[in-house]
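What follows is a single structure, written as structure tokens, with notes after it.
The values are calculated or read from the model by the stated rules, or taken from the named source; none is laboratory data. These figures come from a predicted structure and were not determined experimentally. Every residue, glycine as well, gets a Cβ built from its backbone with ideal geometry; the counts of neighbours run over all protein chains shown.
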Ligand SMILES: [Zn+2]
């Protein structure tokens, strides 16, 4: 652990707006990576590509994911500085943990290309970029002895709720496995926040209280059973929500159609009245 000077703390509450902006910027980088892969593979017969073509693809993808990974790590290094500024003074050495192991990228691509689904490769590449962000937060948190919390975002999955229900916890080797943060998937925008002092939190997270309530209100004798039940509940809720949205869209279309017909009738009436007035 690095030597550090500890400042007298001022409470810091990261606003929801600032947090959302951080997530939005990370999302742009993930999406850019995802779209790059989809565009590159668009219309190609994945099963028919030669090893030389795959190698060319992975080498180009590598440039893309390292570039976007550096940008993601920079954002996360800034987040680290922001969230610990009230208590840590010597932050000259916030490191960037950019995921740049090309062998890992090869393993990912060769592991999923056999399924013939470009989306799997795009998701893997996007996860590879997200790891640069999460590893940067966790790596520095370990170095400076900070606490981290998993902050859910948007429609979150059962697994993320379970992680969030832990509240703030010390960064540990256990959270970092094989050099990477575990549990990172490409599709969700949930990620780690960090703090050194207990005065720091993210607005709306409040030490994970509401997630603890959701998690422990779900039946189950152990965590895997509870996550399974929670997933089922969330799926059912999502289905209801989708049905509701579809119904609303249908009503909206119907209303618009009726309105257009009524407008047409009215303007015809008006036009004919004017015609007969003359
Ligand atoms: Zn999530």
(request) Could you tell me which numbered condition residue 208 fails, if it satisfies all but one of (1) farther than 30 Å from residue 125 by Cβ; (2) more than 14 Å from the ligand (Cβ to nearest atom)? (result) (2)
(request) Kindly indicate which of 115, 62, 82 is within 16 Å of residue 194 (Cα to Cα) and surrounded by fewer than 21 Cβ atoms within 10 Å (Cβ to Cβ). (result) 82
(request) Assess whether residue 160 counts as being within 16 Å of the ligand (Cβ to nearest atom) and touching a helix residue (DSSP H, G or I) at 6+ places or on another chain (Cβ under 7 Å). (result) no
(message) I need a count of the residues in segment 163-191 that are away from the ligand (no atom under 16 Å from the Cβ) and either within 24 Å of residue 32 (Cα to Cα) or at pLDDT below 90 (or both).
(response) 8
(message) Pull out all pairs, ordered by first then second residue, where Cβ-Cβ is under 6 Å, the residues are six or more apart or on different chains, the first lies in segment 171-193 and is under 21 Å from residue 153 (Cβ atoms) and assigned by TED's automatic domain parsing to the domain that holds residue 16, and the second is at pLDDT below 75 and near the ligand (Cβ under 9 Å from one of its atoms).
(response) none
(message) Exactly one of these conditions fails for residue 107: (1) assigned to a helix (DSSP H, G or I); (2) touching a helix residue (DSSP H, G or I) at 6+ places or on another chain (Cβ under 8 Å); (3) surrounded by fewer than 16 Cβ atoms within 10 Å (Cβ to Cβ). Give me its number.
(response) (2)
(request) Give just the number: which of (1) crowded, with 20+ Cβ neighbours inside 10 Å; (2) closer than 19 Å to residue 132 by Cα; (3) at pLDDT below 90 does residue 88 not satisfy? (result) (2)
(request) Determine which single condition residue 101 fails, assuming it passes every other condition in (1) within 16 Å of the ligand (Cβ to nearest atom); (2) farther than 21 Å from residue 20 by Cβ; (3) surrounded by fewer than 20 Cβ atoms within 10 Å (Cβ to Cβ). (result) (1)
